[in-house]
Amino acid sequence: MSAERWIGAAVLLLPGALRPRFREEWLGSLRDAPELGVSRAAIVRGAYATALGAPRSPAAFGLTPGELGFRRLRWAAAWFATALVLLNGGWLIPGEALPGTFAGLVSIGLGGLAVVALVFGAIAASVGLRTLLPVRRPLVAWLLAIGIAVAGASVLALVLTLFALSFALMLGLVAGLGVAAVAIAWPIARDPALRRTTPGIPARLGTRLSALLAALTLTTALVVAVLHLLVWNPMAKVPGLGLAEIYAELAARGEHPSLGMGFVLAWAAMWLPLVLLFLAVAVVGPRGPLRNLDERRVARSALTGLALLGFGVFVAGFNLGMSLADAFMISGGDAALSGALLTAGATVAGIAACLRIIPHTTAPVEAPAA
């Protein structure tokens, strides 16, 4: 990577109000490096040292204390949500399809990353609350902020633990409709400068192409999920029988496979409105009722949909999986590799969605270098 790109990354570590001045200074130093007798690597190292040591006060960000405090709390929420995604991935990805040692490494690795995300979230929450609290004594303010952050995170974790199954069933059934409704109805900022993001891939693709790719990706994931639940996973769990024989045996033992199959198909049908929404945007563009679906909204809705769809496979297949487990005296986990791939894709999409949607991620409009 070129020195200019390294400088660009260092600029992003600075508070917003300081970026234009330092960007111009550092790029100017790179241009004049031969005359100054200084290596470009030394300039890059100095830029990072300056960026990491820059003041983080509200004035440095060009924000009021309240605005900066709530921005940091949004980052805390993003890191906590990321930790939840990683924990779900570490629980669901291994299943029964991956070798034992590899499955253990996946679970431990994702669990470790979840701990890191929780630490980042706790730090962001503490710093954000410290910015908002009207307490003059630094030590008292920090103790209060850390205490509130820990208490809030503990209560949230307790609620999620107690009602995890209810949340999963509810979100799993209506997630597709919910994403479609939010994508259409949630207002957006009309100023293009407030909707610029880094790296800005959707903007380079355009709204219609982004929507077409989103529709194709979700359709592919949905087809794979249905085949996984109704075909591949039952055959992987009972390898000695054909698919028709498996369902016949379920019916003979009173497990009523039609109920589980109907649940899977009903769940899949709930995702069709979101796919059709993306296809409509790809055909007519963001106009009329679709005016809020610009390329950024399309990309973020697709990420959210892919994450919820992948994790929702567990909910959609719960009934049929339990029927298989009871009828054949086996475990209820996924035995087909397709389940692990769907959940891995959901984990990646979920992390991207959490870190791009929840915090403030609009790219700054910087003054061009002289």
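The values are calculated or read from the model by the stated rules, or taken from the named source; none is laboratory data. These numbers come from a predicted model, not from an experiment. Quick reminder, even Gly has a Cβ in these numbers, built from the backbone with ideal geometry, and neighbours come from all protein chains shown. We work out accessible area using only protein heavy atoms, side chains counted, and drop any ligands, DNA or RNA first. Shrake-Rupley method; radii C 1.70, N 1.55, O 1.52, S 1.80 Å.
Among the residues of the range 253-293, those that are open to solvent by less than 70 Å² (accessible area, probe 1.4 Å), on the phi > 0 side of the Ramachandran plot and part of a loop (DSSP other than H, G, I, E, B) comprise 254, 285. Annotation: residue 201 fulfils all but one of (1) over 21 Å from residue 287 (Cα atoms); (2) among the aliphatic types (A, V, I, L, M); (3) modelled with pLDDT of 90 or more; the unmet one is (3).
Can you tell me which residues in the range 44-68 are of a type in the set (A, V, I, L, M) and either under 28 Å from the mean Cα position of the chain (by Cα) or crowded, with 20+ Cβ neighbours inside 10 Å (or both)?
Listed by number, the residues that qualify are 44, 47, 51, 52, 63, 68.
For the condition in contact (Cβ under 8 Å) with a residue 40 or more places away in the chain and open to solvent by less than 20 Å² (accessible area, probe 1.4 Å), residue 306 does not qualify.
For (1) modelled with pLDDT under 90; (2) open to solvent by 30 Å² or more (accessible area, probe 1.4 Å); (3) within 22 Å of residue 220 (Cα to Cα); (4) in contact with a Leu (Cβ under 6 Å, 6 or more places away or on another chain), each residue gets a yes or a no:
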| site | (1), (2), (3), (4) |
| --- | --- |
| 327 | yes, no, no, yes |
| 331 | yes, yes, no, no |
| 336 | no, no, yes, no |
| 343 | no, no, yes, yes |
| 349 | no, no, yes, yes |
| 357 | yes, yes, no, no |
| 361 | yes, no, no, no |
| 365 | yes, yes, no, no |
| 370 | yes, yes, no, no |
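With respect to the conditions (1) outside any helix (DSSP H, G or I); (2) of a type outside the set (Phe, Trp, Tyr); (3) open to solvent by 40 Å² or more (accessible area, probe 1.4 Å), residue 71 falls short on a single one, namely (1).
Would you please name the residue that is least open to solvent (accessible area, probe 1.4 Å), looking only at residues in the range 74-84 that are touching a Cys at 6+ places or on another chain (Cβ under 6 Å) and hydrophobic (A, V, I, L, M, F, W, C)? Can you show your working first?
Applying the first criterion (touching a Cys at 6+ places or on another chain (Cβ under 6 Å)) to the range 74-84 yields 78, 81-82.
Checking the rest, the ones that are also hydrophobic (A, V, I, L, M, F, W, C) come to 78, 81.
Values: 78: 0, 81: 27 Å².
Once the filter is applied, the top-ranked residue is 78.
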